[in-house]
Amino acid sequence: MTETPATGPDPEPASTGSAAAQPAEPAEAGSAEAGQTGAGQAGPGKPAGSRARLTGAVIIQAITQGSSTVITILAIFLALVVGAVLIAFSDPVVTKAWSTFFSYPFYALTQTWDSVSFAYTQMFEGAIFNPSTVSAAFHGGSVAAIFYPLSSTCAQATPLILTGLSVAIAFRAGLFNIGAAGQWVGGAIVATWLGFGVSLPPFIHVVVCLAGAFVGGAVIGWFVGFLKARTGAHEVIVTIMLNYVMYDLLSYLLSHPTMLQQPHQTNEIAPFIANDANLAHVGGPPPQVGIGFLIAVAAALAVAWLLSRTTTGFQFRTVGASPSAARTAGIKVERSWILVMLLAGGLAGLSAATVIQGTNTQLTFNSYGTYGPDGITVALLGRAKPIGVVLAGLLFGALHVGGTYVEAATLGQVPADIVQVLEGLIVLFVAAPALIRAVFRLRSTAGTGLEAVAKGWNG
Amino acid sequence: MERLTTVATAVRPPLTTERRRHLAAATFIVIGLINIFVFGVLAHAGDASFELSLASASVKIPVIRVPAAPVCYALGVVAVGLGVLRETVPFSRLAKRLAIAGVLVCFLLSLLCWADAGAIPLNVIIISQGTFTESIPLILGALAGCLCERSGVINIAIEGQLLFGAFTAAIVASAFGGLWVGLVAGSLAGGLVGVLLAVFAISFLTDQIVLGVVLNVLVLGMTDYLYDRLMSQNPNYNTGITFGSIKIPGLSQIPIIGPIFFDSTVFLYITYAAIIVIQVALFHSRWGLRVRAVGEHPTAADTVGINVLWIRYRNVILGGLVAGIGGAYLTIGSVGSFIPDISSGFGYIALAALIFGRWTPLGALAAALLFGFCEEMALVLPTVNPVLPAPIMNMAPYVATIIAVAGLVGKVRPPKADGQPYVKA
């Protein structure tokens, strides 16, 4: 490792840019948030020409040294390369071609390329943009169809962003919230009950259900924080246990018609929520994006504001950095733990509301899916920063949509499970910048890696 | 002077031993009251009967009958009494633990008295056997975590190690028709996840919590994918063969103890060995002293010539091998065939058992057995006493853990350097 004083003067001009892209530990306290909300872009009082040259230097330096944005892009690329191997392995034509590799090497390579590029093209067209919809629109087709893939991606991303925020905000206060799944169920139970059990005027019903879901999740989160603050019970244990408790509670409620079960049903399924409790849709029926996405983005902005612009947020971050230092400075650490877990639970509850009121309109035992565990990966990929979580949630949403699409397009030959592997690889590579630097021969910077997102058991 | 006192009060840990004492005493008393007012009052009027031998046993022990309700009351009074004692008399460390054990035993016995509705006697042997078999993957997973975390590497990837071990054991045992080959392969598969954990955590300095979660996601995705590609299309790769139980000659004939401890698959014996070896090695050998030194204060360990990175690599991979055996148990030790996500959260429960057991093998064993017992009761109780709905019974292990963690264990202290990568200065 190089000495810090030796490299000190050299990257000086780039410091504003790299601080924006890669918040190092000292920047954590203040400028990190300013950087990622885009406030710290322009250097004050510099002539236009030198600023342009500076920007160029910053970009080149970012690429050669690997800023966190570049690392993320390279990580995604590397994950796609590994995924390509799996896709090729799934295709019998390709595996057959490779068995004759020494006789027809070129044939094996072209077959592999065809198979992989077809799968990834399908994934892209399913999740982001399909060129054929544009020409179809010119020939009298639907214009809305152009935006259909993006709209599905946003819809898929909505609950992931919210559970991701739930995990992320807890991370910032030094807590590991594995319990987003349980809090999700808590929110879903309340939202469903308010959704079909209460009749209210249209707009008010939506708001009441959303608030109820927030409270439902927040109560579960609060309980975790309360136990940690009052008895020292480790949040990892309590959240894991509460997940199972909530699954069982859900199963109990959904199997009793006096509780949440739909009458005359033997399955674990709740009644449909009232129409006026549904969130409005922008593009069309449920796979399309709705108001829920706006709620998710608004929640991200609110969390960003809370963390960077309020005393409470500052206290969260201080507690996260060092509970003992925070206590010495007079911050009520226990209060921060309780409050942050309450908010984390509420966000997970909101995630449930966007699913129950937005896409599913009814709660079943399997509704909770993998939103909780996915929230952890989304939060980690977004480096526990609200804006990062939104971007990570969108990426995962796109991968989910693309995975389902490609499975259908290849008649099940490329299974959607590949997406899970891709997600894991992306987060793994993003978390290991040293590996990416080694693979792509980037010059290493003074820092050893990205700032730690999650803290260990020592809090 | 004034400043000093304010700092002193501010730094004072929030959970004083006094508070801890109140909390423990209160939990004892609450458990005692549950014994009296829940189990005692709801128990049926007649006797609770317990069978202490299997139908196949050569020596039969007569069925034990006790009056259900009075026994619950008596046990409740004992627990409340222990609570009052805990509050008023200063307890030594050992006495504290014995008191916790005593209260838990009172609770379990009155639970059993209440559960037995009288018509069919509860077979204690079968429940105990079930407890042990349910616990095996949890114990091995927690031991794996213990090996890793005592050397300073957080292991959240236990779930992934179990899952990959389960998958590999099933496919190798089926493909080669050899159970022992499958066992070894399962262990190696866990070790492979351990290698990944070690390389990324120790050499690439990756955030260890991120890494563990990601490895779990990756293994889940890979096993789902491979199950799709290989197993579901070709049943020969998932034949579902399992180990039979091995009776230890002599020992397995002992009444009560024999069928519980000495009549099981090879996995239970491996688990005994692992517990003993790891407990002794960690706390009574030079090897363990070095491991703990690396986990508590790597710089100091390095100064006296201990190779920190090597010890961490070795322990993380060893842990993976142990967890891989636990994974193999899930397929070739119990149900046979692999299904996607067969580990279904066992790894996370093992992690909880590890923390609950304060990062010691014996503590983790106790925590894992508590889980195993509750899971077994959740399976058994609906058949003997269909009063409570199954989902509520299924909650029991998790609620019990929360009560135990919050009321009895409280704040735990992990190894000091757990989760911090070591970079030589």
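The values are calculated or read from the model by the stated rules, or taken from the named source; none is laboratory data. Note that this is a predicted model, so its numbers are computed, not measured. All Cβ positions, glycine included, derive from the backbone under ideal geometry; neighbour counts span all protein chains shown.
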- Would you pick out the residues in the stretch A:83-108 that are within 25 Å of A:GLY402 (Cβ to Cβ) and not aliphatic (A, V, I, L, M)? A:GLY83, A:PHE89, A:SER90, A:ASP91, A:PRO92, A:THR95
- Checklist (1) more than 14 Å from every other protein chain (Cβ to nearest Cβ); (2) in a loop (DSSP other than H, G, I, E, B) applied to A:MET259, failing item: (1)
- Can you name every residue in the stretch A:320-350 that is in contact with a Leu (Cβ under 9 Å, 6 or more places away or on another chain) and over 23 Å from A:TRP184 (Cα atoms)? A:GLY320
- Item | Residues satisfying the stated conditions in the stretch B:53-79, i.e. buried (at least 16 other Cβ atoms within 10 Å of the Cβ) and in a helix (DSSP H, G or I) | B:ALA68, B:ALA69, B:VAL71, B:CYS72, B:TYR73, B:ALA74, B:LEU75, B:GLY76, B:VAL78, B:ALA79
- Item | Single match in A:ALA62, A:ALA57, A:ALA48 (criterion: modelled with pLDDT under 85, outside the structural domain of A:LEU391 (by TED's automatic domain parsing), surrounded by fewer than 13 Cβ atoms within 10 Å (Cβ to Cβ) and of a type in the set (A, V, I, L, M, F, W, C)) | A:ALA48
- Task: Could you grab me the full set of residues in the stretch A:332-368 that are among the aromatic types (Phe, Trp, Tyr) and under 24 Å from A:HIS205 (Cβ atoms)?
- Result: A:TYR368
- Taking the stretch A:223-239, which residues are touching a residue at least 60 places away in the same chain (Cβ under 8 Å), surrounded by fewer than 24 Cβ atoms within 10 Å (Cβ to Cβ) and at the interface with another protein chain (Cβ under 7 Å from one of its Cβ atoms)? A:VAL236
- Name, by its number, the condition in (1) at the interface with chain A (Cβ under 7 Å from one of its Cβ atoms); (2) surrounded by fewer than 18 Cβ atoms within 10 Å (Cβ to Cβ); (3) hydroxyl-bearing (Ser, Thr, Tyr) that does not hold for B:TYR398. (2)
- Task: Would you check if A:PHE176 is in contact (Cβ under 8 Å) with a residue 12 or more places away in the chain, in the same structural domain as A:LEU391 (by TED's automatic domain parsing), aromatic (Phe, Trp, Tyr) and under 29 Å from A:ALA229 (Cβ atoms)?
- Result: yes
- Task: Please report, ordered by residue number, the helices (runs of 4 or more DSSP H) entirely within the stretch A:314-411 with at least 1 residues that are hydrophobic (A, V, I, L, M, F, W, C), surrounded by 24 or more Cβ atoms within 10 Å (Cβ to Cβ) and within 23 Å of the chain's Cα centre (by Cα).
- Result: A:333-353, A:371-381, A:386-409
- Cβ pairs under 6 Å, 6+ apart or interchain, first in the stretch B:217-228 and more than 7 Å from every other protein chain (Cβ to nearest Cβ), second aromatic (Phe, Trp, Tyr) and part of a helix (DSSP H, G or I), ordered by first then second residue, are B:VAL219/B:PHE164; B:THR223/B:PHE167
- Message: Can you say whether A:ALA409 is more than 10 Å from chain B (Cβ to nearest Cβ) and closer than 13 Å to A:ALA75 by Cβ, as far as the supplied structure shows?
- Response: no
- Note on the structure: For the stretch B:203-220, the count of residues that are surrounded by fewer than 23 Cβ atoms within 10 Å (Cβ to Cβ) and either hydroxyl-bearing (Ser, Thr, Tyr) or within 28 Å of the chain's Cα centre (by Cα) (or both) equals 1
- Task: Considering only residues that are within 14 Å of chain B (Cβ to nearest Cβ) and of a type in the set (S, T, N, Q), look in the stretch A:296-341 and name the one that is farthest from A:GLY182 (Cα to Cα).
- Result: A:THR328
- When the stretch B:207-265 is checked residue by residue, the ones that are under 25 Å from B:SER344 (Cα atoms), of a type in the set (Phe, Trp, Tyr) and part of a loop (DSSP other than H, G, I, E, B) are B:PHE243
- Query: Only one residue in A:LEU86, A:LEU74, A:LEU80 is more than 17 Å from A:ILE418 (Cα to Cα) and touching a residue at least 24 places away in the same chain (Cβ under 8 Å). Which one?
  - Reply: A:LEU74
- Query: Quick check, is B:VAL193 touching a Phe, Trp or Tyr at 6+ places or on another chain (Cβ under 6 Å) and within 10 Å of another protein chain (Cβ to nearest Cβ)?
  - Reply: no
- Filtering helices (runs of 4 or more DSSP H) wholly in the stretch B:80-199 for at least 3 residues that are of a type in the set (Lys, Arg) and within 25 Å of the chain's Cα centre (by Cα) gives B:93-115
- Message: With the structure loaded, tell me whether A:GLY217 is in the same structural domain as A:VAL340 (by TED's automatic domain parsing), surrounded by 23 or more Cβ atoms within 10 Å (Cβ to Cβ) and at pLDDT below 95 or whether it fails that test.
- Response: no
- Pairs, please: C-beta under 8 Å, at least 6 apart or cross-chain, first residue in the same structural domain as A:ALA353 (by TED's automatic domain parsing) and in the stretch A:294-312, second surrounded by 14 or more Cβ atoms within 10 Å (Cβ to Cβ) and not in a helix (DSSP H, G or I)? A:ILE295/A:LEU279; A:ALA304/A:THR37; A:ALA304/A:LYS385; A:SER308/A:THR37
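Conditions (1) surrounded by 23 or more Cβ atoms within 10 Å (Cβ to Cβ); (2) touching a Pro at 6+ places or on another chain (Cβ under 7 Å), marked per residue:
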{"site": "B:THR223", "(1), (2)": "yes, yes"}
{"site": "B:ASN236", "(1), (2)": "no, no"}
{"site": "B:ILE270", "(1), (2)": "no, no"}
{"site": "B:ILE275", "(1), (2)": "no, yes"}
{"site": "B:PHE283", "(1), (2)": "no, no"}
{"site": "B:LEU289", "(1), (2)": "no, no"}
{"site": "B:ALA300", "(1), (2)": "no, no"}
{"site": "B:ASN307", "(1), (2)": "no, no"}
- Counting just the residues of the stretch B:408-419 that are out of contact with any Asp or Glu (no Cβ under 8 Å at 6 or more places or on another chain) and within 7 Å of another protein chain (Cβ to nearest Cβ), which one comes out farthest from B:VAL153 (Cα to Cα)? B:GLY410
- Yes or no: B:ARG413 surrounded by fewer than 22 Cβ atoms within 10 Å (Cβ to Cβ), within 15 Å of the chain's Cα centre (by Cα), among the basic types (Lys, Arg) and farther than 23 Å from B:PHE167 by Cβ? no
- Task: From B:VAL172, B:VAL184, B:VAL153, grab the single residue that is over 14 Å from B:SER334 (Cβ atoms), crowded, with 24+ Cβ neighbours inside 10 Å and in the same structural domain as B:GLN208 (by TED's automatic domain parsing).
- Result: B:VAL153
- By residue number, the members of the stretch B:229-254 that are among the basic types (Lys, Arg) and either closer than 18 Å to B:LEU192 by Cβ or within 14 Å of chain A (Cβ to nearest Cβ) (or both) are B:ARG229
- If you go through the stretch A:85-117 one residue at a time, how many are within 14 Å of chain B (Cβ to nearest Cβ) and touching a helix residue (DSSP H, G or I) at 6+ places or on another chain (Cβ under 9 Å)? 9
- part of a helix (DSSP H, G or I) and within 14 Å of chain B (Cβ to nearest Cβ) - does that describe any residue in the stretch A:204-213? no
